[in-house]
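Student: Would you mind keeping the following structure in view while I ask a few things?
The values are calculated or read from the model by the stated rules, or taken from the named source; none is laboratory data. Everything numeric here is computed off the predicted structure, so don't read it as measured data. Counting neighbours? That spans all protein chains shown, and the Cβs are built from the backbone with ideal geometry, glycine included. These accessible areas exclude ligands, DNA and RNA; they are computed on the full protein's heavy atoms, side chains included. Shrake-Rupley method; radii C 1.70, N 1.55, O 1.52, S 1.80 Å.
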Amino acid sequence: MSLAEPTVVDVALEEAAIEERAMLKQDVHTRLVQLRKLTELGVTGGLSDSLDDVNRKIERYNELVPDSQRRPFVSCETFVAQIDSWE
């Protein structure tokens, strides 16, 4: 076996990362949709804290993808516009 060949562990780690990325992507999208609905109803209390939680998920997502696939963090002003990019 050459050093360039992936090991069983390497393959398992990559598969786990792919699964985690997919889960994070879905979680971020779902939460942003929920927050949009709440703000449309006029519920804005806790929005900043909720977006901080979303940004922690985005930070983890960005750790798992190449630089070219990284996503920007969301803010109170931008999160609605970014929902579609998380579908």
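Student: Can you tell me which residue is most open to solvent (accessible area, probe 1.4 Å) among those in segment 16-25 that are without any contact (Cβ under 8 Å) to a residue 40 or more places away in the chain and closer than 12 Å to LYS57 by Cα?
Tutor: Out of the qualifying residues, it is MET23.
Student: Which of the residues belonging to segment 1-42 are hydrophobic (A, V, I, L, M, F, W, C) and at pLDDT 95 or above?
Tutor: Listed by number, the residues that qualify are ALA22, MET23, LEU24, VAL28, LEU32, VAL33, LEU35, LEU38, LEU41.
Student: Evaluate segment 48-59: report whether one residue or more is open to solvent by less than 50 Å² (accessible area, probe 1.4 Å) and free of Cβ contacts under 8 Å to residues at least 24 places away in the same chain.
Tutor: Among the residues of segment 48-59, at least one is open to solvent by less than 50 Å² (accessible area, probe 1.4 Å) and free of Cβ contacts under 8 Å to residues at least 24 places away in the same chain, which makes the answer yes.
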